[in-house]
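Please see the structure below; I have some questions.
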Amino acid sequence: MLLLKTRNELFDFIQYIHAKKLTLGFVPTMGALHEGHLSLFKKAIEDNQYTIGSIFVNPTQFNNQADLIKYPRTVEADIAKLEIIGCDALYLPSVEDLYPNGLECESIDMNGLDVVMEGAFRPGHFQGMATVVKRLLLQVQPTRAYFGEKDFQQLQIIRQMVKTLQLPVEILGMPIIRESNGLAMSSRNMRLTEEFKKKSLFIYQSLLKAKELSSHYAPENVICKIEKLYLNSDLKLEYFTITEEESLQTTQSFDPSKHYRAFIAVYAGDIRLIDNIQIR
Ligand code: PAF
């Protein structure tokens with residue numbers, strides 16, 4: 001696998017891909033790769049003639065500095081995993097490659113998708129995320145880019161941004177990969193204590209419960225019943241909500257012609273976990 005450590009090295013690789021008119025799949029990541037990331041790489045490898053990943057722990061999307069410092073950095077192990085699955089190239093940009101004028105965020109219109117859920121609880125997070133994803137897409141110029149549905153709100157914001165900016169790339173969302181016990185895979189899981197790892201199974205169980213309830217009850221009542229379940233839990237519920245999938249707006253009733261998702265954020269000790277499920 002080619003290791004591209006600067007923007008110039010990336011540029012040479014892209015020139016080659018374009019000269020040969022080859023398709024390029026791209027998986028942007030912040031590293032600490034797990035099976036969820038690898039499923040994106042495997043799909044990219046299947047769909048495209050060449051596949052490139054990136055690892056960059058993006059400072060502007062962390063609204064909590066402690067989280068940025070504690071974010072797991074496992075580059076050597078990540079490289080080994082990508083080599084095994086047959087990824088062609090990995091871009092490891094420096095801060096200067098992506099933020100040549102300092103760590104400022106661009107003002108990117110997200111059509112209101114950024115003010116709810118994660119946007120409400122993590123101010124500035126999506127502007128930082130969208131800034132870096134836009135710059136990565138412009139530098140890498142992939143045919144297709146792959147993102148996990150675990151960060152469903154992020155995925156919808158990226159789709160919106162690509163549409164607004166008319167970036168010539170196809171965005172693909174891939175299903176959440178779960179541990180055998182149901183916990184959604186996340187780089188943060190490695191920071192959970194054994195006790196909270198077990199307790200966190202409740203997150204997926206409560207999402208499955210919400211899916212079951214949503215065939216009998218209105219969204220508001222489903223939300224109320226799920227919130228009640230967390231009153232007696234060691235997990236601290238930050239939010240549980242149900243939205244229409246495209247607009248991410250909450251709803252009073254279910255329209256059979258639309259799709260809906262339940263979204264949740266909880267604290268397991270001091271680790272913040274998010275998850276979601278399509279309920280209708
Ligand atoms: O999902 C992530 O890992 C990050 O938000 C991303 C898309 C790589 C941007 O930094």
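Against the longest alpha carbon principal axis of the chain, how many degrees, from 0 to 90 and to the nearest 10, is the axis of helix 219-229 turned?
Orientation of helix 219-229: about 80 degrees from the principal axis.
Which three numbers, in whole Å and largest first, are the semi-axes of the equivalent ellipsoid of the stretch 163-280 derived from its Cα gyration tensor as √(5λ)?
For the stretch 163-280, the semi-axes come out at 25, 21, 12 Å.
Here's another thing I want to ask about it. Give me, ordered by chain and number, the residues 5 or more places off I277 or on other chains with an amide H under 5 Å from its own placed amide H.
Answer set, sorted by chain and number: A262.
Quick one: if the Förster radius is 22 Å, what FRET efficiency do N232 and K197 give, using the C-beta to C-beta distance and rounding to 0.05?
0.65
Are there GluC sites (Glu not before Pro) in the stretch 77-124 that DSSP puts in a loop and that have at most 15 other Cβ atoms within 10 Å, and which ones?
Loop-located and lightly packed - E104, E106.
Using only Cα atoms, find the angle between the long axis of helix 7-19 and the longest principal axis of the chain, and express it within 0 to 90 degrees, rounded to the nearest 10.
Computed tilt is about 80 degrees.
Can you give me the Cα centroid spacing of the stretch 57-104 and the stretch 241-280 in angstrom?
28
What shape does the stretch 114-214 have by the C-alpha gyration tensor, where a ≥ b ≥ c are the square roots of the eigenvalues, rounded means a/c under 1.5, and otherwise prolate means a/b greater than b/c and oblate the rest?
Prolate shape, in that a/c is at least 1.5 and a/b is the bigger ratio.
Here's something else I'd like to know. Can you tell me how the stretch 1-103 classifies by the Cα gyration tensor, rounded, prolate or oblate, using a/c under 1.5 as the rounded cut?
Values: a/c = 2.22, a/b = 1.33, b/c = 1.67.
Cα axes put the stretch 1-103 in the oblate bin.
Under a 1.4 Å probe, what is the accessible area of the stretch 1-93 per residue, stated in Å²?
That works out to 47 Å² for each residue.
Arrange the residues R178, R272, R73 by how much accessible surface each exposes, largest first, with a 1.4 angstrom probe.
R73, R178, R272
Working from Cα positions, state the angle (0 to 90°, nearest 10) between the long axis of helix 125-140 and the longest principal axis of the chain.
The angle comes out at about 30 degrees.
Expressed as cubic angstrom per residue, what is the convex hull volume of the alpha carbon set of the chain?
Hull volume over Cα atoms, normalised by residue count, gives 134 Å³.
Here's a follow-up. Any idea what the dipole of the chain comes to, in debye rounded to 20, about its Cα centre with Lys/Arg Cβ at +1 and Asp/Glu Cβ at -1?
Roughly 380 debye for the chain.
Taking every DSSP beta bridge that has both residues in the chain, what percent is antiparallel when rounded to the nearest 5? Don't jump to the answer; show the numbers that get you there.
Values: 18 of 37 bridges.
DSSP beta bridges in the chain are roughly 50 percent antiparallel.
Continuing with the same structure: Roll a 1.4 angstrom probe over the protein heavy atoms and tell me the percent of accessible area of the chain that is carbon or sulfur.
On the chain, the fraction of accessible area on carbon and sulfur atoms equals 51 percent.
Expressed in whole Å with the largest first, what are the equivalent ellipsoid semi-axes of the stretch 43-175 derived from the C-alpha gyration tensor as the square root of 5 times each eigenvalue?
23, 19, 15
Please build a GNM for the chain, connecting alpha carbons under 10 Å apart, and tell me which residue among K225, K21, K42 fluctuates the most.
The residue that fluctuates most here is K21.
Heavy-atom accessible area per residue, the stretch 121-179, 1.4 Å probe: how many Å²?
In whole numbers, the stretch 121-179 has 39 Å² accessible per residue.
Sticking with this structure for a sec: Taking the inverse of the average 1/r across all pairs of different Cα atoms in the stretch 38-97, what Kirkwood radius in Å do you get?
So the Kirkwood estimate lands at 13.1 Å.
Something else: Tell me which lysines have Cα within less than 24 Å of K70's Cα, excluding those fewer than 8 residues away on the same chain?
Hits, sequence-local ones excluded: K5, K81, K150, K197, K198, K199, K236.
Provide the net charge surrounding E227, with neighbours chosen by a C-beta distance below 14 Å and charges set as Lys +1, Arg +1, Asp -1, Glu -1.
Working: positive: K209, K225, K228, K236; negative: E220, E238.
With Lys, Arg at +1 and Asp, Glu at -1, the neighbours total +2.
The values are calculated or read from the model by the stated rules, or taken from the named source; none is laboratory data. Computed from a predicted structure; not experimentally measured. Because the Cβ atoms are built from the backbone with ideal geometry, glycine has one as well, and the counts that use them run over all protein chains shown. In case anyone asks, the SASA skips ligands and DNA or RNA and just uses the protein heavy atoms, side chains included. Shrake-Rupley method; radii C 1.70, N 1.55, O 1.52, S 1.80 Å.
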